[in-house]
Structure formats: C-alpha cells, structure tokens
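Below: one structure, written as structure tokens.
The values are calculated or read from the model by the stated rules, or taken from the named source; none is laboratory data. A quick note: this is a predicted structure, and the numbers were derived from the prediction, not measured. With ideal geometry, Cβ positions are generated from the backbone for all residues, glycine too; neighbour counts draw on all protein chains shown. Each accessible area value is taken on the protein alone, full model and side chains, heavy atoms only, with ligands, DNA and RNA left out. Shrake-Rupley method; radii C 1.70, N 1.55, O 1.52, S 1.80 Å.
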Amino acid sequence: MATSSKLLQGTLDVLVLKTLAWGPAHGYAVARWIARQTDDALEIEDGSLYPALHRLERQGLVEARWGASENNRRAKFYQLTDDGRSRLGDEVASWERIARAVASVLESTERPSWAEEAS
Amino acid sequence: MKEADRGGRLPDEEPIWRRIRRMFGPDVEADVDEEIELHLEMATDDLVAEGYEPKAARREAERRFGDRRRVARECRAEGGRRVKTAARREWLQGVGQDLAYGLRQLRRDPGFAAAALLTLALAIGAVTAVASVVDGVLLAALPYGEPDRIVRLWPDGAASRAEYVRVAQEGESYERVAAHSVEVGFTVDAAETEADEPPAPERLRGVYVTPGLLDVLGLEPALGPGFEADAGPVGTHGARPGQVAVSHRLWQRRFGGDPEVIGQRIRVDGEPHTVVAVLPRNLGFPDRDVDIWGTESLTDRDLGEFWGSSILVTVARLAEGVTVDGARAELRGLARGLRRDNPIWTPSESYVEAADVANLKEALVGSTRPAFLILVGGVLLVLLVAVANVANLLLARAATRERELAVRSFMGAGRGRLVRQLLTESLVVAVLGSVLGLGLAVVGVEALVTLLPADLPRVDEVGIDGRVLAFAVGLTVVTTFLFGLLPALRTTRRGRASAGLGALGGATTQGRSQRRLAGLLVAAEVALAVVLLVGAGLLGKSFAALQAVDPGFERTRVLTTEVGPPAMEYAGDETRIAFYRELVERVGAIPGVEAAGIASQVPFDQGAEVMATGVEGKTPDPNALPLFDSRRIVPGTLEALGVPLLAGRRLTEADRADSLPVALVGQAAVDRFWPHEDPLGQRIHYPWGGEDAWMTVVGVVGEIKNNQLAGEAKPAFYVPYPQRTQNTMNLVVRSTLAPDALAGAIRETVEVIDPDVALGPQRTLAELVDDSLGRLRFTSLLLGLFAAVALGLGAVGIYGIVSYGVGRRTREIGVRMAVGAGRGEVFWAVMRGGLGQVLLGVVAGVVGAFALGRVLAGLPGGLLYGVETTDPWLLAGVPAALVLVAVVASWLPARRAVAIDPVSALRAD
C-alpha cells in the first residue's frame, strides 16, 4: 500500500493503457503482465489496478465487456478505445520528454560554476 | 467483442435475481465484487500451481491484492459516476429524439404549424410591444424623485407672479414651490472667452425658471451647483439674474461634454450669462424641445404689473403626509386672500373655485389616457383570444392524433414516455412561437416609438418591458403545455385497451360540448375583429380626411427656420428692416429658390400670435374683442407660402415704416365682419398700438389653418414688417431644392451678412403639419395593427374549429357519403358549420363597433374627423370582409372533407 502510493496515479494509468494496447484483457491479466514486465520492481498492489481501470472506463479511454475467462468464468474484459489509443500516444511522448530531461540532469558530468568553491 | 468471442464459450449463467436486478440498469456493486473475486481466484490458482497450499495461496493472493474494501469502494464510485453520465446522455438523446420528432410532426402538418406559430408570435409580439410602450409612457413613474408628490397648481399650472409668490411664501402644504415660464426662444452666442473657432450662434428653445425647480422634481444637476437664489425682496423665490443651465444634449453637442463648461461665461440673447448647471440627461422638462433654463428673477415691481400678461407654470413638491386634496383646500384659501387683495385682477366669482392642485403626471399624460386604455383593452382581448386559439388548435390536433397515440400506447409506449413526447412537441411550438414573438416585439416597439406623439414624456427611454414579455410568454407557454398535456393524459389514463377502443370508436359526446365552446370562442374572436376593424377604419378615414384638408398654404416645398439677430446690435427699427431686406433678397437669389419672405409666425409652429383685435364699427365692446391670428410679413412671404390674393393688392416695398399703416385680412375675417360690404378700405385696430393704431385693409388673401387641420380657420390679419418690427423672425422659403441643400445655402447666406445671427432648426411646413397629426396617426395605426392581428387570429380560429370538426367527423362523413350524400352536400354542411359562428360574431361585433365609435367620437381632442360613426362603407364592408375570410378559412377543411374516401374512412375508423 505504501509502495503503490509512491507511484504516480498518472503513471499507473499509462502502464494500464500500454498493456491494453496489446489487446483486450481482464484485470488479472493486466496485473500479471505489468508485474512480469517490471519484475515486480514497482511493487504495485494488484488491487490498485482496478480503480485505475474503472476510472479509465468512465473517461471513455477504455471500454468494458463481459466475456468468458480462460477457466470459463464470467470476466470483465477491458479494451482500448480510439480516445484511449491517442491518449496513450500523448502520454508516452510526454513521458519520454520528462525522462530525457531528468536523465540529462542526472547524467550530466559538467560541473556547475558555483560548485568549484564549494568542493 | 473479439477477445470474448475468442474464448468461444458462454459465460456462466448469472443467478436469476442478478438478472432481474440488471433489468433496472447496471448492477455496479455486484459487478465490482464479481470482478475482484475472479481476480483473487485466478491469482490463487496460479499460486497453487507454483506450489502453495490452497489456503496459503488464497492468503497470499489477498495480501498481494491489498485493501479489498477500499478498492471496491473506489471502483463503485467510478462505476456509479459512469452510469449516471450514461443515463443523462441517454435521457438527452431521448429529448433530442422527441424534439426531432416534434419538429418533424410540425413539418408534416404545416397548416397547424403556421396557425399555431402565427398565433403565438402575433399575440406575444403585439401584446409585448404595445404594453411596453403604454407602460413606459403612461404607467411608469416619471423620471423624477418621488413623482407622486409633484403637483401642478392652478388649471394647467398657469399662475401670475403674484399668485406664485403668494403660494411660495404662505403655502404650507409644500416642501418646495417652483415655477417656469412658457417656452420661449433663446439665442446662444459663441462663448465670450471662446478660443479658435466658436460654434455659430443658434436659436434654441428654453424656459425661465425659479431656482427650486430641480428640487421640486427631486433631481440633482448632472454637473455644477445649480441656480443661486436671489437675495432680493421676494426672498428665495426668484433666481439671481445672469445664470443659465443647459440640457445634457446641448452640453454634449455644443460644448463637447467638457466639464469646464460650469462657470463659463456664454452670451444668451446678447447678455453674458454664467453656466451654473448641466441638467440631468433626458430630463425633457417641460418638454423634449427645451435646451436652456434661464433665470426667472422676481422683484416687487413685477408682482402687480405683470398680473395678467406674464404666466408662470407653478409646480410644487408636497410636504410629507400632505394629500392633493389637502393642498387644494389650502390653495383655495390662498386664492380667497388673493382675490381680496387684488379685486381688479380677479373679478370673477369662479376665481377661487378654479384654483386647483393636480398630480403632475396626471396633468402631463392624462389626455392620452382614454386612447391608451382602449389600446390596452384591445391588447388583453387579443391575448385572450390568442390563448383560446392555441388551445383550440392543440385540441383539434390532438383529436386527429388520438389514434396514433392509442396505437403507440397499445404497442407498449409507456405513459411517461408519451406524455414527455407530447410535452416536448408543445414546447417546440411554444419556444418557436415565443422567439418569433420576441422578434416581432423588438421591431414593434421601435416602430411604435417613432410614431409616438412628440410631446409625450420619456419616449426616448421606452424599451421592451421584461415583465410584460415574461407575462405574455408565460401565459402562452403554460396554455400550450396544458392543452398539449390534456390529450396525452386522456389517452393514457384509459388504459391501453380502452384507449384503443375509444380512439378507434370515433367522435365522443365530450367532443360535442368542446366544439360548442370552441364555436363560441370563434364567435367572440370575430366580434372582436369587427370592433377593432371598424374602429381602425374610423380612425384611418379621419386621418385620410385630415390629410386631404387643404391648410391654405403649400407644405412640401417650403422650408422655415427661426432667425435671431443679436438683440443689442439690432435694437433699432432701421437696422432690423435693413437686415431682413438684405436676407430676403439674398435668399431669394439662391438658384432654385422661387420665393422667400419672413413671418413673425409660421403656421403649425409654436407660439401663435393670437390677438384681441378691434374692427371699426363692428366691435363696440372693448372687453369682447374677437381673436385674430396676426402675422408680420414682407412682400414675398405669402408667395412663398403659396397663399393666394383674393381681392385688393399685395404688400409691396412701398409699405414702409412711415407710409399709411395697412393690413391684409384673411377671407374668414371678411365672411365674419363684412359679408355684404367691400372689405377694402375698412379699418382694424392693431392690438399693441395706441388709440390711433388703426390699419386700413388693402387686400384679402386666402385662409390658412394655423394649428390644426380640423376645424374652421380663424380670422387673420397680416401687417407689413417695417410698420411693426420685431427682432426674431422666421424665414420662409419655397424652392425646388432638396431641404438639406437649401438649409446649407441659407446658413451660408446668413453668415455672409452677419455671422453673429443665430439660426434655429430648419424644417419643412410638411413636417410641422405632420407633427400635428402625430397622435391620430399613432392611435389609428395601433388600432389598425390590432385589427389586423384580430383578423388573423379570427381566421386561424375558424380554420382550427372547422378542421377539428372535419377531423372528428371523418367517419360520419364517410357514412353519409356511403349512403349517398353528394359531395356538394357535404361541402356545404361543413361550410355552414364554420359560417354560423361567424355570423353570430359579426352581429355582436357590429353592436360593439357602434359603442366604440361613440367612445372615439367622445374623446377629448376629437379623434374623429370627416367620418360618421355609422359610416355605411365600414359597417357593411367590415362584416363582408370577415365573412370572406371565414369562407376561405372554412373552404380548406371543407375541401378535405369532400376528398374523404367513404370506404377507407369507414375501414380506418
């Protein structure tokens, strides 16, 4: 719980959208996929996915249908809508921009002008 | 969806209660629980596959899941919001469908659409426009502070200075008393301290006032301190001389809205004055033409001397708690004292009784009240008729649609859904009608305002009255809703089966009483239309008759303007005569000018010179002299006016100051005083002259009407200007030039002679004559408008009721035709049904028209001219016109009835 709250809500939404970009899936499949891809590094609680899915559904970024799961149970499948797809594109672009910006600071080897005296 | 299909298997059957619950909308809570439970089960299964004990696997799955209750709560909240949004969207879509359906229904039935929309638009538009104008002019408070406390003293406010001062000093009923003179002309010159290019001097209208006038009106100057009272012997009741207040519009126009104008010295009538105030915007007191308030100073000397000749209009603000009746009683007491102290000036016994106190607003708009009340009555009737009409139309339409509703109800359309659809359709009609009506009201108010008589107060501020509009729209919308709802409820109340049977069974007994009521409504509409049409016809004929009256002078091509030379420079007769001779000569030489002259008074302009004049040998009693219109003129004046010479000679340049005093007289004077004698050589006495001021009649000219087209011309005489000069005169010019071009040429000519000479506004005689017809034109146009509206509504009403009848009786008509009734027979049966009510209405309307004619003829000021209230053309023509309208309105549905195919009518019903 504590770890999941560290994760920005928007980031979780992007991960969900990206996962669904591979095709429709139910909640458990989404959770497993994210966990596997990140090696559980993000330590997302499985439960926190569901509010995200429902929020995306309300926003019209994903739509849901009831279908049959692998073990033949009634399961709610989520699918990306056109809006969701274009939102994912925007989010990925902005994420990459931020990541580049953060990285360029963290990886910089140039010493700031005021740092000489301090060091 | 693809992914679900790929499984290729049906999901587990839901328990029956879940499926029932789902019929009432998505079951968000159960869905969330199910989704989470599935997740946990799948995670448990996977963990078991990894080697966990089943129970431990379940615990581990729940641990990894986190706080299940919190997740469920958040999901439910999101889901609830989503469902609500979806429901709202669905509802809006439903309304959208209803709207589209309603519009389609309207398009499918253009007759109904046109009739209903026209009725609503006309009613809302006409009622709002007229009521707004009436409310703005007549009913709304004057733009003064606490206007109910402002009163006018004596009949028409006319008081002598002595009377005014007595009231101001001794009257205890008032908080403040003030007075103003009658309207006079002022010349405003360039400001003394003016810079580069001072504006040309001009003639303006104004009044002299005492300092408390704004206080009485309960107003503050827009700018400046206001008048300072005189410290003279009469105390604070007169103003210190040399002060002037300017109207807001004059301040804007002539002084560029410069606040520095306060304290500036300007020359008024050649004397230096200090501007002490800019009057409140749109004040228009005593009327709209006034631009200048000068100071009325009072000295002891004035009080006795000017008793008879100088008139002050006295107004006052009642003190707290004093009634008009109380003030009147006190004024009569004061009048008794005045009569005791001034027996010579107040000889009449009725002097005391004549003293009166009246509410100012009552005094200003009282005379227009009857005409306005007729209009308001007309407006309300029109509104009621319109409402009845719309109700009728909706009922008629519902009758023809009962079948459709029954079928839809039978097919399972819910009651709520049907009601909503019918209400939406009514709403479409009401909204469209209201929008059209509002547009009509906007246009109508503008048109009415331009037609309003010029002397009504506050005309500039008249706009659409929101309350009136709300009332008219509200009434029609409520009606539309009610009568739109009624059939829906009736159809749905009966239950499906009986609704179907009822509607399929054809006309019901309820329909018959409804039809009788509707028939009476139509008769009432027709009666109203007859009354209004006859009234409008009477006024219209009066208007036409008045316009056809020959005023005795030419109107269209004659331009007139007031000319005011500076009084100081033009004090002497010689200078004046020389100036005006040169002016007339030069203006006469402008290319295109046919004749030019000057006159001390122009017909239909303000300030007639009406003189008690002696006629030698005919008027022995000097206290009972006949009244003459008097004018000072030059050769050329009567030519410019187009007044013909009937006998003797015209005036010539030889009629000089030192030659024999002569006069021309109008034909009316000859008819009255010398019917059997030669008028030439007779003598009349100049009123302002001494004992020996006799003038010899040397010519007789045509009569001219002076102030109104109705009525007989008064006796008139004309004297040569050089023998009786005065400073301010009116230029009269007849030309082939456009008025604007001529006005510019005149201005240039005057500037060449003397740039200090002021000019007033330039107007054609046609405009002046037209202004005198303003009230009649306004009233007759308005009544004509109402008549047209009433006629239109009547036609719509007849159409509505007849087609309603045809709609209800389709089956009956079919039966009749099946058993052998001819087409003509059916046609006439339908026509007769419509026409019966019309004839009833026509008879009632003619009776009402007689009554209205009596009222119109009895109105003060006499609105009728040259027409009898029993005018045969109107009393025969109007009913004939209405019958014609009724025939057309019945003909359309009758044609439909004839077209009914008996077989299908029987089968369908």
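Here are the numbers for this structure:
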{"read-out": "Between helix A:82-106 and chain A: long-axis angle, C-alpha atoms, 0 to 90°, nearest 10", "value": "20"}
{"read-out": "Other protein chain Cβ atoms within 10 Å, averaged over every residue that makes up A:20-26", "value": "2"}
{"read-out": "Whole-angstrom Cα spans of the stretch B:571-695 along principal axes, big to small", "value": "49, 33, 30"}
{"read-out": "Base-10 log of normalised Debye intensity for the stretch B:34-94 (one unit scatterer per alpha-carbon) at q = 0.18, 0.25, 0.29, 0.30 Å⁻¹", "value": "-0.68, -0.94, -1.08, -1.12"}
{"read-out": "B:Asp148-B:Met568 pseudo-label distance in nm [points 7 Å out on the Cα-to-Cβ vector]", "value": "5.1"}
{"read-out": "The stretch B:639-714: projected area of the alpha-carbon convex hull, averaged over directions, in nm²", "value": "6.2"}
{"read-out": "Base-10 log of normalised Debye intensity for the stretch B:607-680 (one unit scatterer per alpha-carbon) at q = 0.11, 0.12 Å⁻¹", "value": "-0.33, -0.40"}
{"read-out": "Pairwise burial B:A, computed as accessible area of each alone minus the pair, summed, 1.4 Å, Å²", "value": "3200"}
{"read-out": "Debye log10 I(q)/I(0) for chain A, one point scatterer per Cα, at q = 0.17, 0.21 Å⁻¹", "value": "-0.88, -1.22"}
{"read-out": "Solvent exposure, largest accessible area first (probe 1.4 Å, DNA, RNA and ligands not counted), of B:Asp67, B:Asp341", "value": "B:Asp341, B:Asp67"}
{"read-out": "Average beta-carbon neighbours from other chains, 10 Å sphere, peptide A:40-48", "value": "5"}
{"read-out": "Of every Cα-Cα pair in the stretch B:94-136, the percent that sits beyond 15 Å", "value": "59"}
{"read-out": "Anisotropy class of the stretch B:545-641 from Cα gyration tensor, a/c 1.5 cut", "value": "oblate"}
{"read-out": "Calculated FRET value between B:Thr556 and B:Arg240, using beta carbons and R₀ = 45 Å, to 0.05", "value": "0.40"}
{"read-out": "Nonlocal amide H pairs with B:Ile633, under 5 Å, H built at 1.01 Å", "value": "B:Val719, B:Tyr721"}
{"read-out": "Residue-averaged beta-carbon neighbours from other chains (10 angstrom radius) around B:41-52", "value": "2"}
{"read-out": "Cα-based helix-to-principal-axis angle, A:49-58 vs chain A, degrees rounded to 10", "value": "80"}
{"read-out": "Karplus-derived HN-Hα couplings along the stretch B:82-94 (A = 6.51, B = -1.76, C = 1.60, θ = phi - 60°), whole Hz, x at Gly and Pro", "value": "5, 5, 5, 4, 5, 5, 5, 4, 5, 4, 4, 4, x"}
{"read-out": "Paramagnetic reach from A:Thr81 (point 7 Å along Cα→Cβ, amide N under 18 Å) across the stretch A:42-65", "value": "A:51-65"}
{"read-out": "B:Ile900 accessible area, 1.4 Å probe, all protein chains in place, Å² to nearest 10", "value": "20"}
{"read-out": "Heavy atoms of B:Met695 accessible to a 1.4 Å probe, total area in Å² rounded to 10", "value": "0"}
{"read-out": "Largest-first principal axis extents of the Cα set of the stretch B:669-775 (Å)", "value": "48, 37, 25"}
{"read-out": "25 Å Cα-Cα threshold exceeded, pairs from B:Lys541/B:Lys705; A:Lys18/B:Lys84; A:Lys18/A:Lys76; A:Lys76/B:Lys84", "value": "A:Lys18/B:Lys84"}
{"read-out": "Nitroxide proxy distance, nm - points 7 Å out along Cα→Cβ at A:Ala41 and B:Val855", "value": "9.4"}
